[in-house]
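The next block holds one structure in the form of structure tokens; read it before the comments.
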Amino acid sequence: MKINISKAAQFVAAGSIEAYEPQVKAAQEALEQGTCPGNDFLGWMHLPSSITPEFIAEINETAKVLKENCEAVVVAGIGGSYLGARMVIDALSNTFGWLQPSDCPRILFAGNNIGEDYLSELIGYLKGVKFGVINISKSGTTTETAITFRLLKRMCEEQRGKEEAKKVIVAITDAKKGAARTTADKEGYKSFIIPDNVGGRFSVLTPVGLLPIAVAGLDIAALVKGAQDMEAQCGLDVPFAENPAAVYAATRNAIYQSGKKIEIMANYQPKLHNLGEWWKQLYGESEGKDGKGIFPASVDLTTDLHSMGQWIQDGERTIFETVISVETPNTSLAVPSDEENLDGLNFLAGKRIDEVNKMAELGTQLAHVDGGVPNIKISIEKLDEYNIGQLIYFFEKGCGISGLILGVNPFDQPGVEAYKKNMFALLNKPGYEAESKAIQERLK
Ligand code: PA5
């Protein structure tokens, strides 16, 4: 993985990125020594290097049971309890693979919304499918996930019988507390623990991400190896200019201070759409607090050049762009030659599709830079487990450093509670009587 900031540095005063070096060092030391705000959530810092082959084998063993017994596995979880798995699975699976026979179950995601039609349609689909469930919730009480799991548990038991259903329901939750833990223990489900000191959005390298990824048939050992190597590459002992997380954190803070408040993550591979979703949660939930924080947005290019391209090129100049570039595709396909050339495309005949895509990427980068959009380029060699593992740790470490430079606690999310309080009051949840009364007054 490489980071190139040459087309971002030109937008800020000379030396202003390097000027962050002392702050980056202080942030890294605070993360390392556990002296920063949110220091009870630093378990992600050395998580990759602490993962043992035995732990990977245990995850793979459980994945094997689900693979052997299920045509589909529903991952029930929301936010940090699903986005990491979804991002990795989408990036590394055949986009149309679910339409073909496969040795691995189809992975479906639910518990991340309260859409009645979505859930009804899911249930309708599952009626004819032997399915299992991975129920993921750190708190074990998240409403979206809990409602979904209640529906799926009942359906799975009806489909297979209670005892057989227990073999294909796995819980990933807190060691002791929460309804998901109580249910798992009472029903005797196989369960994995989400460590106390790893927050949801930093949890993809725990069973939260690793189990669904393994069920999808992907190599979790290679994913972890990529993260381990990146952990070393972003260590405290690595000089600033050679530490990609340090450079990324400093660059985005320098650009933010220059008045650009929105960071758009752009990819040129449709398979990376959910990398943007995962990254938005990681950075948005970590930095958006105390009236501060870069707003993380994402686009899929070239698709969105035909929808958002105008805004990016020419709208309010408050944005910068972080592009994820994949150097080499895993397949090979060229534009065919055509004798009649009715579409006038013979000038591209014989060229790899990826070459056309790369020229679109380069052309867009130059146009956006001309249009006043600073550009950070992050390149990976190819889409595989190792490279995605590298990206995961790089973005996590960059986020920790960046949030501390910004002066916020990157590891809490107090703002997420506001909607829940109102929703529970409106739904008359026991314990919310005072809030219910107050909200009814407001609605009069
Ligand atoms: O990052 C976070 O902490 C959140 O996004 C949580 O992951 C999300 O709210 C789901 O919470 P839980 O795992 O407790 O169901």
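Put Cys104, Cys156 in order of accessible area, highest first, and with a 1.4 Å probe you get Cys104, Cys156.
Considering only the other residues whose Cβ falls under 15 Å of the Cβ of Glu277, what net charge follows from Lys and Arg at +1 and Asp and Glu at -1? List each step's numbers first, then the result.
Working: positive: Arg86, Arg201, Lys271, Lys280; negative: Asp90, Glu263, Glu285, Asp300, Asp304.
Local charge sum for Glu277: -1.
Taken as Cα centroids, the stretch 162-216 and the stretch 66-103 sit 16 Å apart, rounded to the nearest whole angstrom. Of Thr182, Thr251, the residue with the largest accessible area leads and the full order is Thr182, Thr251 (1.4 Å probe). In straight-distance terms, cross-link reach from Lys437 covers every one of the lysines whose alpha-carbon lies under 19 Å from its own, apart from those fewer than eight places away in the same chain; here that gives Lys420, Lys421, Lys429. Annotation note: GluC sites (Glu not before Pro) in the stretch 331-424 located in DSSP loop regions with a Cβ neighbour count of at most 15 within 10 Å are Glu339, Glu340, Glu381. Bridging of Lys358 to lysines at a Cα separation below 24 Å is possible for Lys2, Lys7, Lys271, Lys377, Lys382, once same-chain residues fewer than 8 apart are set aside. When you work out D = kT/(6 pi eta Rh) for the chain at 4 °C and 1.567 mPa s, using the Kirkwood radius from C-alpha pairs as Rh and the Stokes-Einstein form, the result is 55 µm²/s. Its Cα gyration tensor gives the stretch 226-271 an equivalent ellipsoid. The semi-axes, each the square root of 5 times an eigenvalue, are 23, 19, 6 Å from largest down. Under the simplified labelling scheme, the Glu32-Leu427 pair shows an inter-label distance of 4.5 nm, with each label point 7 Å from Cα along Cα→Cβ. Excluding ligands, DNA and RNA, the accessible surface per residue across the stretch 44-196 is 48 Å² with a 1.4 Å probe.
A crude spin-label estimate for the pair Ala222 and Glu58, with each label 7 Å from Cα along the Cβ direction, gives 2.5 nm. Only one residue of Ala13, Val129, Ile169 has its Cα farthest out toward the positive end of the dipole of the chain, where Lys and Arg carry +1 and Asp and Glu -1 on Cβ, and that residue is Ile169.
If r is the Cβ-Cβ distance from Phe96 to Ser120 and R0 is 30 Å, what FRET efficiency results, to the nearest 0.05?
Working: r = 25 Å, r/R0 = 0.84.
My answer for the efficiency is 0.75.
Of all aspartates and glutamates in the structure, those lying under 18 Å Cα to Cα from Lys444, and not within fewer than 8 positions of it along the same chain, are Glu433, Glu435. With the charge dipole of the chain set up from +1 on Lys and Arg Cβ and -1 on Asp and Glu Cβ about the Cα centre, the Cα lying farthest toward the positive end among the listed residues Ile376, Ser436, Ala249 is that of Ser436. Computed per residue of the chain from DSSP H runs no shorter than four, each worth -39500 (n - 2.57), the mean residue ellipticity at 222 nm is -14500 deg cm²/dmol. Take the Cα of Ser50, go 7 Å toward its beta carbon, and the backbone nitrogen atoms of the stretch 169-203 under 17 Å from that spot belong to 173-176, 192-203.
Apply 1/(1 + (r/R0)^6) to the Cβ-Cβ distance of Ala349 and Ile439, taking R0 = 60 Å, and write down the FRET efficiency to the nearest 0.05.
Numbers: r = 65 Å, r/R0 = 1.08.
Efficiency, from the Cβ-Cβ distance: 0.40.
The alpha carbon gyration tensor of the stretch 39-102 gives principal lengths a ≥ b ≥ c with a/c of 1.5 or higher and a/b greater than b/c, which makes the shape prolate. Spatial offset of the stretch 268-323 relative to the stretch 342-412 amounts to 11 Å, using the alpha carbon center of each.
Solvent-accessible area assigned to carbon and sulfur over the stretch 213-255 amounts to 54 percent, based on a 1.4 Å probe. A Förster distance of 41 Å, applied to the separation of the beta-carbon atoms of Lys127 and Gln257, puts the FRET efficiency at 0.15.
The values are calculated or read from the model by the stated rules, or taken from the named source; none is laboratory data. Computed from a predicted model, the values in this text were never measured in an experiment. FYI the Cβ positions are ideal-geometry reconstructions off the backbone, even for glycines, and counts take in every protein chain you see. Accessible surface is based on the protein model in full, side chains and every heavy atom, while ligands, DNA and RNA are left aside. Shrake-Rupley method; radii C 1.70, N 1.55, O 1.52, S 1.80 Å.
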